[in-house]
Amino acid sequence: MDVHAGKATYLDAATAAPLHPVAREAFLAALEDGWADPDRLYTAGRRAGRLLDAARAATAESLGVRADEVSFTPSGTSAVHAAVLGGLAGRRRAGRTLVHSAIEHSAVLHAATQHAATQHGDAVAVGVDLLGRLDLDEWRRAVAAPGVALASLISASHEVGTVQPVATAARVCAEAGVPLYVDAAQSIGHAPVPPGWSLLTASAHKWGGPPGVGVLVVRKGTRWLAPYPGDDLYRPRPQGALDLPAVVAAAASLRAATGEAAAEAVRLAALVDRIRATVAATVPDVEVVGDPVERLPHLVTFSCLYVDGEALLHALDRHGFAVSSGSSCTASTLRPSHVLEAMGVLSHGNVRVSLHRGTKEADVDRFLAVLPGAVADIRKEAGM
Amino acid sequence: VIVVDCLGQRCPLPVIALARRIGDAGIGEVVRVLADDPAAANDIPAWCRMKGQEFVGFDGTAFEVRRVS
């Protein structure tokens, strides 16, 4: 039964934000010269090379780093793998241990698994509290232990939005002489990331750029060693040809999103406040998770007791709302989200709502009007 | 001890079963939930926290909850 008649309301920007209009314009403009190989010396190659240089310079400016510290990769995930495995490889003489928060993106955890399997390395997970914030005392002990090659911390939880103490974690790493890698996919284009890190990654489709563009930043003085075959071992290079028009679109939309971020953060944080308060007030037996204050402006997560997360996603979809879930029934692994597990909060009946520049107040109000009924229907069906 | 066998059931069914049976226990009595869904280890303690009941502990697939209110 399709009960939704109007236009679908997309509330899953944390998975992929709708394309920013600036990205579309830049993409179309870059098609003209962006097909050529930017490494070739003939005219067409040089034109493509200029596009890439401009994209790199613009991205570096948006991120507050040097242009030669920025590389583009074919996805956010590949940037994460390059940062973790390349950062570990560059520090092999120092040790083989990766310290990471328990709430890293699965791409980091998968890289850690490969590191353990192929390099006889190990990984140490540092826990979080009930709000999803890193345990800094445990982090301090883990980072200071002998043999730590790299530490990895997500800038803000991609599942619950809690902003992590990056500045303090970076200071601890600096004292221990351990480089810090920050997965900033959910923050870049939305919220500032404190300095002090050695490696950082981001993903263009999280800020309104096209899919298929990742960004890897390796600060000067950080030893990075290619973890995959290639002719330049010491400098991150894309594996194969870059999608140059998409890279240009990513850079242009990053500049636009960064410019709009402060105003959008105020607007979206107010909408998230409304969601947090209204859900807690109108849905019985619900747990709104994550830090209510120290959080991303555009993302909110809650879990409803006695509710099958998959059933709730389908019900909301029928009402025209696209949201995501960390519940086990919605995961390919049939395991609950490792983030919700690490926090110790309810994992079933979980919904993540993430807003973007196209989200209107009326969209949020419609969602809030529909949700209590959708939850009640599922509970009734389950006999609760 | 009231035993609620939810082996083979996926979340949220074990938590639903626990919520239905907790009222059968007197204050201070223990309900033992048998559940092998990986989410149960997370969700049964979370249920206790949300509903003000005491999570006693677990051993493999047996989770014990004491009714305190």
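Just so it is clear, none of the values below were taken in a lab; they were calculated from the coordinates. Keep in mind that this is a model prediction, so the values were computed, not measured. Using ideal geometry, Cβ is built from the backbone for each residue, glycine included, and neighbour counts are taken over all protein chains shown.
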*Looking only at residues in the stretch A:309-325 that are of a type in the set (G, A, S) and under 17 Å from the mean Cα position of the chain (by Cα), which one is nearest to the other protein chains (Cβ to nearest Cβ)?*
A:S325
*Just a yes or no: is a residue in the stretch A:208-221 closer than 18 Å to A:S157 by Cα, outside any strand (DSSP E or B) and of a type outside the set (A, V, I, L, M, F, W, C)?*
no
*Residues in the stretch B:24-56 that are within 14 Å of another protein chain (Cβ to nearest Cβ) and either in a helix (DSSP H, G or I) or touching a His at 6+ places or on another chain (Cβ under 7 Å) (or both): how many?*
13
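Answer yes or no as to whether A:R357 is more than 14 Å from chain B (Cβ to nearest Cβ), surrounded by 19 or more Cβ atoms within 10 Å (Cβ to Cβ) and within 21 Å of A:V108 (Cβ to Cβ).
On the way: more than 14 Å from chain B (Cβ to nearest Cβ): yes; surrounded by 19 or more Cβ atoms within 10 Å (Cβ to Cβ): yes; within 21 Å of A:V108 (Cβ to Cβ): no.
Spelling it out, it is not the case that A:R357 is more than 14 Å from chain B (Cβ to nearest Cβ), surrounded by 19 or more Cβ atoms within 10 Å (Cβ to Cβ) and within 21 Å of A:V108 (Cβ to Cβ).
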_Evaluation of A:H348 against (1) out of contact with any strand residue (DSSP E or B) (no Cβ under 6 Å at 6 or more places or on another chain); (2) surrounded by fewer than 21 Cβ atoms within 10 Å (Cβ to Cβ) (one fails), failing number_ = (2)
*Check off (1) free of Cβ contacts under 8 Å to residues at least 24 places away in the same chain; (2) touching a Gly at 6+ places or on another chain (Cβ under 7 Å); (3) over 24 Å from A:A311 (Cβ atoms) for B:A46 and give me the number that stays unchecked.*
(3)
*Selection from the stretch B:1-22 of residues that are closer than 15 Å to A:Y306 by Cβ and either touching a residue at least 40 places away in the same chain (Cβ under 8 Å) or crowded, with 24+ Cβ neighbours inside 10 Å (or both)*: B:C11, B:P12, B:P14, B:V15, B:L18, B:I22
*asked:* So for the stretch A:2-15 (the condition being outside any helix (DSSP H, G or I), touching a His at 6+ places or on another chain (Cβ under 7 Å) and buried (at least 16 other Cβ atoms within 10 Å of the Cβ)), does at least one residue qualify?
replied: yes
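Here is a yes/no grid of residues against (1) away from every other protein chain (no Cβ under 14 Å); (2) in a loop (DSSP other than H, G, I, E, B); (3) touching a Leu at 6+ places or on another chain (Cβ under 7 Å):
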| residue | (1), (2), (3) |
| --- | --- |
| A:A263 | yes, no, no |
| A:L268 | yes, no, yes |
| A:L271 | yes, no, yes |
| A:D291 | yes, yes, yes |
| A:P297 | yes, yes, yes |
| A:V300 | yes, no, no |
| A:V307 | no, yes, no |
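Being within 18 Å of B:P45 (Cα to Cα), free of Cβ contacts under 8 Å to residues at least 24 places away in the same chain and surrounded by fewer than 24 Cβ atoms within 10 Å (Cβ to Cβ) is the requirement here; does A:V288 meet it? Full working, then the answer.
On the way: within 18 Å of B:P45 (Cα to Cα): yes; free of Cβ contacts under 8 Å to residues at least 24 places away in the same chain: yes; surrounded by fewer than 24 Cβ atoms within 10 Å (Cβ to Cβ): yes.
Yes: the conditions hold for A:V288.
Could you say which residue among A:A250, A:A261, A:A226 is under 23 Å from the mean Cα position of the chain (by Cα) and either surrounded by fewer than 17 Cβ atoms within 10 Å (Cβ to Cβ) or under 14 Å from A:T59 (Cβ atoms) (or both)?
Details: A:A261 fails: either surrounded by fewer than 17 Cβ atoms within 10 Å (Cβ to Cβ) or under 14 Å from A:T59 (Cβ atoms) (or both); A:A226 fails: either surrounded by fewer than 17 Cβ atoms within 10 Å (Cβ to Cβ) or under 14 Å from A:T59 (Cβ atoms) (or both).
Unique residue meeting the criteria: A:A250.
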